[in-house]
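What follows is a single structure, written as structure tokens, with notes after it.
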Amino acid sequence: MKPQTLFCYTCDSDEMHRPLTEEEKSWLRGETGRAKVDEFFMCEAPTCRNVRSGYVKRPFHPVIRIPVP
């Protein structure tokens, strides 16, 4: 998957989102218990890092943010 502009629920605007790295996918699997997390993107806005899928703006309640490395 390529980075793309998607609507970010927490920023309330269109922002660049990128696919998760392998490390981030591993962390998200541990947080959610899901076996497959390949469909998720992370918002690249400086203070956001919100996770969304390509189709669902808000897949998690409450929102999940990827921790800063």
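What follows is calculated from the coordinates using simple rules that are stated; it is not laboratory data. As the structure is a computational prediction, the values presented were derived from the model and not from experiment. Ideal geometry is used to build each Cβ from the backbone, glycine not excepted, and the neighbour counts take in all protein chains shown.
For Lys25, the lysines whose Cα falls under 16 Å of its own Cα, not counting residues fewer than eight places away in the same chain, are Lys2, Lys36. So what does the Cα-only Debye profile of segment 4-53 read at q = 0.13, 0.24, 0.28 Å⁻¹, as log10 I(q)/I(0), no solvent term? Computed log10 I(q)/I(0) values: -0.28, -0.85, -1.04.
What are the trypsin sites (Lys or Arg not before Pro) within segment 23-69 that DSSP puts in a loop, where the Cβ has at most 15 other Cβ atoms within 10 Å?
Arg34, Lys36, Lys57
Compared with the dominant principal axis of the Cα atoms in the chain, helix 22-32 is inclined by about 80°. For segment 4-53, a simple Cβ point-charge model (Lys and Arg +1, Asp and Glu -1, everything else neutral) yields a dipole of about 200 debye relative to the Cα centre. Here the Gaussian network model covers the chain, with springs between Cα atoms less than 10 Å apart; of Pro59, Pro46, Pro19, Pro46 fluctuates the most.
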